Each structure stands twice: as C-alpha cells, then as structure tokens.
Amino acid sequence: MRHELRSLPALTGHAPEFDPGEVPSDPYDLFADWFAHARDAGVPEPHAVTLATADADGRPSSRVLVLKDVGPDGFAFATDARSGKAADLAVNPQAALTFWWQPVVRQVRVEGVARYLGDEASAADYLARSPASRAAALGVRPGERLGSVRQMRDAMSAARERVDADPGLVLREWQAWRVEPRRLEFWQGSRDRAHVRVVYTRTAGTWSPTLTWP
Ligand SMILES: Cc1cc2nc3c(=O)[nH]c(=O)nc-3n(C[C@H](O)[C@H](O)[C@H](O)COP(=O)(O)O)c2cc1C
C-alpha cells in the first residue's frame with residue numbers, strides 16, 4: 001500500500017481563521033468555541049474522541065469513544081469496568097484524548113489523569129442512555145471470547161427484556177470517568193504546513209496558553 005498511501009492528500013479540509021494572539025485564558029472556552037464551530041461546520045460525530053491509556057508496564061492502547069461532558073474539571077466519558085481501558089486506568093490513571101475534526105483541519109489533544117466519578121454519577125450516566133444502549137451494555141461481557149454474533153444478539157435481546165421490565169435497573173459495571181487535564185493543545189492545521197499550535201498548561205491553578213512550534 002506504500003505508493004497509494006504516499007499519493008493520498010492530507011489536510012484537505014477548510015481551515016477557518018484562527019488568531020493565536022486572541023485565544024481566551026481558559027482553554028475550556030476555546031474548546032467550547034472549537035467544538036461548536038466543528039459541529040456547525042458539519043464535522044461528523046465531533047464528540048467521538050480517541051482515548052489512550054497504558055497498563056502497569058507502560059504498554060499503550062487506544063480506542064474511540066464518545067465524550068459525555070466537558071466542564072472546568074475535565075472531559076467525561078463512560079465505559080464498562082470489565083473493559084481494557086478501565087483495567088488500564090485502575091492501575092495507571094495517566095490518559096490522553098485526541099479529537100480530529102478533519103473538515104476544519106483541527107486537532108485537540110488533552111493529557112492528564114483519569115478519575116472514576118463514583119457510583120452515583122455512573123448510575124446516572126447509565127440511566128441517561130436509551131433503553132437500547134442500556135440493553136447493549138447489559139447484555140455484553142466485554143473482552144471475553146464470544147461464540148457467535150447470534151449469541152451476542154440473543155444476549156442483548158434478553159437484556160432488553162430486563163431493561164423494559166425494570167427501567168431503573170443499573171448495570172453495576174458501568175463507570176463514569178473524567179480526564180482531568182494538565183495540558184491541552186489546540187492545533188490548527190494548514191495546507192501549507194504552517195500549523196498553529198497553542199498549548200495550555202496550568203501553574204498554581206491558572207491556565208496559560210503558549211504558542212508552540214509545530
Ligand atoms: C464512535 C465510537 C464510539 C464509542 N463509544 C464508546 C463509549 O462511549 N464507551 C466505550 O466503552 N466504548 C465505546 N466504543 C467502543 C470502543 O472503541 C472499544 O472498542 C471498547 O470500549 C473496548 O475497548 P477497550 O477494550 O480498549 O477498553 C466506541 C467506539 C466507536 C467507534
């Protein structure tokens with residue numbers, strides 16, 4: 001595939017105006033601004049984000065998930081306690097998130113520590129899911145060997161009956177987490193490769209942005 005890959009263009013989106021001299025002091029304000037812009041520009045599923053974790057030996061893995069919330073403390077997501085990512089985070093809370101919004105040539109990178117948000121927040125997140133996605137989570141056994149797709153569908157159908165019969169049922173393994181950043185990067189790509197990077201770091205509770213070479 002080498003030839004094909006090298007011939008494919010990259011950074012083909014339409015970069016909006018971005019003045020790094022005008023960024024807000026709070027990176028969450030910039031995130032909200034970029035997120036709204038991405039959504040309005042038609043970025044498909046702008047809330048899909050890659051989460052990177054590593055196990056106790058530092059072996060990394062990453063996967064896509066959906067962002068559930070953003071607030072002054074960080075970026076929330078939810079998963080199953082039996083998943084690989086939850087196992088990683090239980091022994092090594094260091095985590096990173098990457099958003100890639102291709103149509104606007106923007107990347108946002110978040111690095112920090114992931115914290116479990118507790119049983120109450122986890123139950124609330126689970127109950128806010130649609131009955132179909134509650135059943136999908138209830139019917140699976142993450143990471144275990146599966147005999148057939150049919151077996152999975154049957155398990156999900158049975159789980160749907162349980163959810164419909166008991167709408168307050170909460171999957172005990174459901175977990176809400178939040179990545180609390182120590183570093184955020186806003187990367188505005190440019191077709192001429194003069195990419196603009198603004199990196200926010202925090203000192204004594206105060207964020208400050210730094211324009212950074214690409
Ligand atoms: C668009 C998209 C959204 C997803 N959302 C979630 C999610 O919110 N939570 C989750 O645990 N997995 C989600 N997944 C599945 C994960 O990518 C992954 O396959 C699964 O969580 C198991 O990963 P792990 O074994 O590394 O923990 C999503 C996948 C895609 C492609």
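Summary table below
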| read-out | value |
| --- | --- |
| Condition check for Gly42: within 28 Å of Arg129 (Cα to Cα), in contact (Cβ under 8 Å) with a residue 12 or more places away in the chain and in a loop (DSSP other than H, G, I, E, B) | yes |
| Qualifying residue in the stretch 128-135 (condition: crowded, with 16+ Cβ neighbours inside 10 Å, closer than 22 Å to Leu51 by Cβ, out of contact with any Pro (no Cβ under 6 Å at 6 or more places or on another chain) and touching a residue at least 60 places away in the same chain (Cβ under 8 Å)) | no |
| Neighbours by Cβ (under 7 Å, 6+ apart or cross-chain): first from the stretch 50-68, more than 9 Å from the ligand (Cβ to nearest atom); second hydrophobic (A, V, I, L, M, F, W, C) | Ala52/Ala95; Ala52/Ala96; Asp55/Val91; Ala56/Val91; Pro60/Ala52; Pro60/Ala54 |
| Residue check for Ser122: in contact (Cβ under 8 Å) with a residue 12 or more places away in the chain, in a helix (DSSP H, G or I) and open to solvent by 20 Å² or more (accessible area, probe 1.4 Å) | no |
| Of residues in the stretch 64-119 being surrounded by 15 or more Cβ atoms within 10 Å (Cβ to Cβ) and of a type in the set (Lys, Arg), the one farthest from Thr206 (Cα to Cα) | Lys85 |
| Given (1) in a helix (DSSP H, G or I); (2) within 18 Å of the chain's Cα centre (by Cα), index of the condition Ala95 fails | (1) |
| Residues of the stretch 156-168 satisfying the condition of being open to solvent by 40 Å² or more (accessible area, probe 1.4 Å) and either among the hydrophobic types (A, V, I, L, M, F, W, C) or more than 19 Å from Arg129 (Cα to Cα) (or both) | Met156, Ala158, Ala165 |
| Residue within the stretch 168-177 that is in a strand (DSSP E or B) and among the charged types (D, E, K, R) present | no |
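Matching residues to (1) in contact with a strand residue (DSSP E or B) (Cβ under 7 Å, 6 or more places away or on another chain); (2) of a type in the set (Ser, Thr, Tyr); (3) part of a loop (DSSP other than H, G, I, E, B):
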| residue | (1), (2), (3) |
| --- | --- |
| His3 | no, no, no |
| Pro16 | no, no, yes |
| Tyr28 | yes, yes, no |
| His37 | no, no, no |
| Thr50 | yes, yes, no |
| Thr53 | yes, yes, no |
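The values are calculated or read from the model by the stated rules, or taken from the named source; none is laboratory data. Because the structure is a prediction, the values reported are computed rather than measured. Cβ sites come from the backbone with ideal geometry, for glycine too, and all protein chains shown count toward neighbours. The accessibility values were calculated without ligands, DNA or RNA, using every heavy atom of the protein model including side chains. Shrake-Rupley method; radii C 1.70, N 1.55, O 1.52, S 1.80 Å.
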